[in-house]
Amino acid sequence: MKLLEVKDLRTYFKTTKGYVKAVDGVTFSLDHGECLGLVGESGCGKTTTALSITRLLPKGGEVMGGKIFLEGTDYATLTEKEIEDHRWEDVSIIFQGAMNAFNPVKKVGWQIAEAIIRHKGATKQEAWKRAGELFELVGIPAERVTQYPHEFSGGMKQRAMIAMALACDPKLIIGDEPTTALDVMIQAQILELLEELRKKLNMGMILITHDLSILGETCDKIAVMYAGKIVEMGTVDHIFNHPVHPYTKSLIACFPNIESEERKIPEGIPGYPPNLIDPPEGCRFCPRCGLAEGRCSSEEPEFLEIEPGHFAACHFAGKEGGTDV
Ligand SMILES: Nc1ncnc2c1ncn2[C@@H]1O[C@H](COP(=O)(O)OP(=O)(O)O)[C@@H](O)[C@H]1O
Ligand SMILES: [Mg+2]
């Protein structure tokens, strides 16, 4: 059985101007121990996808359709009470702003121990011991469990946050821009740590980022998201070396030094993702696409398998002459 199956997920936000169709028909799956990278510009629906899976959507956000199966259990239909029992044990999430997520007046180790007591029914003594073990696992000396958040550097807080996410032995861990706020050196260390833990603990992982270049080393497959939809999905080799969707190609062009140590500031793709209250008809990337022709603005391209394990939604995908932009 698959660890996670997301089928035609639709998550909208109700606003005074109408529904924001933040996630609009997203389908993907993940095996035990597998890592999926979810990439796209800001505002494309990546966080909303993660919050739908963990059922942590803010007020106004609602799963309007589709299925989210975690080891066969349909998450979309669980009640709040039921989800409380599953969250952190089946699936846990590390947020972008995680570094400020610890309560400043409580010892870091105690915040982890509390979660273990609540979810695992451990005694206080057992929970402290486990917090120390988790610290060691993420590369922090166990004796630092009694320190307060202000005594930790940014990188250490992020490590502690990962320890917190691991506290209840989740089968799936979602990192939503887990390294974006960190400098490049620490970023590489945290990614390495996540990769090492995933293999050691055989967890499934979804790594969300706007920066395609960090996914090459860590992921088995990559899904490229644009305007609420996945526009291309495939192995790392497919996406990095044989991309077919003009949006994927543009993302790669944003990070020209993908292979090199020295990273340039991304220049960005001209224009902006569309307003998701009233997205364009046809292909949503059409207004920014150098290849677009008549039908692109009226006919929505199907998400098709163009070679085994490689999918794309573009009228030009798989056609000879290709999709060079
Ligand atoms: N609480 C909210 N209320 C209304 N719209 C929202 C809310 N959160 C996110 N959105 C909108 O949903 C879309 C997707 O956002 P998000 O999932 O945060 O994208 P990403 O993580 O890819 O940057 C954006 O258009 C964003 O403005
Ligand atoms: Mg986000």
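Every number in this text was worked out from the coordinates using simple rules, so none of it is lab data. Remember, it's a predicted structure, so these values are computed and weren't measured experimentally. Positions of Cβ are backbone-derived with ideal geometry, glycine not excepted, and every protein chain shown enters the neighbour counts.
Residue exposure proxy: 32, 238, ordered by other Cβ atoms within 10 angstrom of their Cβ from fewest to most, comes out as 32, 238. Computed from label points 7 Å out along Cα-Cβ, the spacing between residue 180 and residue 281 is 3.3 nm. Scoring 224-233, 43-52, 133-142, 147-156 by mean Cβ neighbours within 10 Å over their residues and listing the highest first yields 224-233, 43-52, 133-142, 147-156. Diffusion coefficient (Stokes-Einstein, Kirkwood radius over C-alpha pairs, 10 °C, 1.306 mPa s) for the chain: 77 µm²/s, rounded to a whole number.
Three principal axis extents of region 102-169 based on alpha-carbon atoms, in descending order, are 31, 24, 18 Å.
Every helix of 4 or more DSSP H residues in the chain counts as -39500 (n - 2.57), and over all residues that averages to -8500 deg cm²/dmol at 222 nm. Taking other C-beta atoms within 10 Å as the exposure proxy, 92, 42, 250 rank 42, 250, 92 from fewest upward. So what's the Cα pair-distance distribution over region 1-66, bin width 5 Å, in %? Values per bin, smallest distances first: 4, 16, 27, 26, 16, 7, 3, 1, 0. Sorting 215, 193 from the fewest to the most surrounding beta carbons within 10 angstrom yields 193, 215.
If r is the Cβ-Cβ distance from residue 15 to residue 82 and R0 is 25 Å, what FRET efficiency results, to the nearest 0.05?
Values: r = 28 Å, r/R0 = 1.13.
The formula returns an efficiency of 0.30 here.
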